[in-house]
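First the structure, in the form of structure tokens, and then the observations on it.
The values are calculated or read from the model by the stated rules, or taken from the named source; none is laboratory data. Remember, it's a predicted structure, so these values are computed and weren't measured experimentally. With ideal geometry, Cβ positions are generated from the backbone for all residues, glycine too; neighbour counts draw on all protein chains shown. Side chains included, ligands, DNA and RNA excluded: accessible areas come from the protein's heavy atoms. Shrake-Rupley method; radii C 1.70, N 1.55, O 1.52, S 1.80 Å.
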Amino acid sequence: MINTIENRYIWLNGEIINFKNAQINILSPTSQFGANVFEGIRCYWNSDNKKLYGFRLDEHYLRLQKSIRMLKIEEKYSLKEMKQALFDVVNKEQYDEDIAVRQTVFVDGNGSWSSKGPAGMFVAPIPKGLSSVEYNKKGLNCCISTWRRISDQNLSPRIKCGANYMNSRMAQLEAWDNNYDCAILLNENGKLAEGPGSCLFIVRDNKLITPSLSSSILESITRDTIIQIATDLDLIVVEREIDRTEVYICDEAFLCGSAMEITPIYSVDGYEINNKMGEITKKIYNLYMDIVRGKNKKYMKWLTEVK
Ligand SMILES: Cc1ncc(COP(=O)(O)O)c(C=O)c1O
């Protein structure tokens with residue numbers, strides 16, 4: 001498996017070209033000010049039936065459209081066209097591996113941070129093995145960041161835009177500098193929000209608890225997936241505000257996202273939660289991994305055969 005993007009195809013503004021030839025204007029608002037919105041879409045290879053399945057594509061394109069609208073970027077591409085671009089570039093190449101597709105709509109041209117267009121788009125399929133495998137063995141030692149998650153009152157975490165990740169960056173770099181694997185951010189009310197690129201779940205008394213959608217979090221597709229599949233596991237799911245100390249005394253905790261999949265947290269701020277993946281987390285993880293790879297008939301509705 002070649003785990004690099006070099007010499008692969010990329011879709012840029014309607015053309016499929018070699019990654020090396022994909023260039024953008026360095027003075028564009030996306031380059032200067034991070035004026036872009038994006039999705040990270042996972043496609044999983046099923047080696048039994050030799051099919052590549054895109055996971056919850058429609059939900060990703062709907063969220064991308066909402067991000068475009070919230071930032072008032074020119075709506076150049078329809079939902080159908082955005083999805084077609086992914087199909088076209090993935091089918092140009094032989095992909096018999098898991099991939100993460102980065103699809104970004106950006107403000108091109110010579111304008112400023114307030115320019116609405118011209119809009120550009122790229123779609124970059126990036127080969128990627130199971131990202132959570134390594135951490136599922138090791139687990140994450142997290143800290144509560146001293147940085148607060150951005151809020152709907154300043155720059156909404158509901159918008160999946162490049163600029164929001166500078167808040168994530170501050171938290172992640174602080175965590176690494178202090179020898180933690182990852183950070184968990186509190187929101188401006190001091191309640192648990194999310195990780196730098198993932199959502200948070202904790203387990204208390206056999207209940208699965210996650211911060212509500214108005215707790216300063218991204219409207220995560222993985223979070224939504226877990227809430228829906230938890231019912232199959234007869235779990236009670238509660239969406240509510242979570243206090244910081246609840247994570248210190250919970251029975252299990254994990255972060256989730258398209259990239260992170262489901263990754264257990266072993267400790268927070270030195271408070272040990274677990275030293276292996278908890279039983280409930282494991283059940284959710286196993287079901288999730290079967291679903292995304294097309295091994296669970298009930299949830300085939302979430303999969304699109306990409307090739
Ligand atoms: C800040 C943040 N929260 C949550 C998530 C998880 O979202 P999703 O499950 O849609 O990938 C991500 C990943 O994109 C993220 O960047």
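Quick rundown of the values:
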{"quantity": "Selection from Ala119, Ile10, Val90 lying farthest towards where the dipole of region 9-129 points positive, charges on Cβ", "calculated": "Ala119"}
{"quantity": "Residue among Arg240, Arg148, Arg223 with the largest mean-square fluctuation in a Gaussian network model of the chain, springs linking Cα atoms under 10 Å", "calculated": "Arg240"}
{"quantity": "3J(HN,Hα) from dihedral phi, region 239-255, Karplus parametrisation 6.51/-1.76/1.60, rounded to Hz, x for glycine, proline", "calculated": "9, 7, 5, 10, 6, 4, 6, 5, 6, 6, 10, 6, 8, 8, 8, 8, 9"}
{"quantity": "Range of Cα positions in region 209-273 per principal axis (Å), largest first", "calculated": "31, 25, 24"}
{"quantity": "Additional length obtainable on full extension of the chain from Thr245 to Lys76, 0.36 nm per residue less Cα span", "calculated": "56.3 nm"}
{"quantity": "Qualifying lysines (Cα of each under 22 Å from Cα of Lys307; at least 8 residues distant if same chain)", "calculated": "Lys50, Lys51, Lys80, Lys83, Lys92, Lys128, Lys295, Lys297, Lys298"}
{"quantity": "Calculated from backbone phi, Karplus (6.51, -1.76, 1.60) coupling profile of region 261-274 in Hz, x at Gly/Pro", "calculated": "6, 10, 10, x, 9, 9, 8, 9, 6, x, 7, 6, 9, 7"}
{"quantity": "Difference of contour (0.36 nm per residue) and Cα-Cα distance, Thr146 to Ser114", "calculated": "8.5 nm"}
{"quantity": "About the Cα centre, charge dipole magnitude for the chain (Lys/Arg +1, Asp/Glu -1 at Cβ), debye", "calculated": "660"}
{"quantity": "Sequence-distant residues sharing a close amide H with Gly195 (under 5 Å, placed H)", "calculated": "Leu185, Leu200"}
{"quantity": "Cα-derived Rg to Rh of region 104-248, Kirkwood definition", "calculated": "1.00"}
{"quantity": "Residue-by-residue Karplus 3J(HN,Hα) for region 180-192, coefficients 6.51, -1.76, 1.60, Hz, glycine and proline x", "calculated": "9, 7, 7, 10, 10, 9, 8, 8, 5, 8, x, 9, 5"}
{"quantity": "Apportionment of accessible area to carbon and sulfur, region 133-292, percent (1.4 Å)", "calculated": "47"}
{"quantity": "Estimated FRET transfer efficiency when R0 is 25 angstrom, pair Glu188-Ile17 (beta carbons, to 0.05)", "calculated": "0.05"}
{"quantity": "Exposure rank, largest accessible area first [Phe33, Phe106, Phe19; 1.4 Å]", "calculated": "Phe33, Phe19, Phe106"}
{"quantity": "Estimated D of the chain in µm² per second, where Rh is the Kirkwood radius over Cα pairs and Stokes-Einstein applies at 10 °C, 1.306 mPa s", "calculated": "79"}
{"quantity": "Normalised per residue, the volume of the convex hull around the Cα set of region 9-129 (Å³)", "calculated": "97"}
{"quantity": "Accessible area in square angstrom per residue, region 9-129, 1.4 angstrom probe", "calculated": "47"}
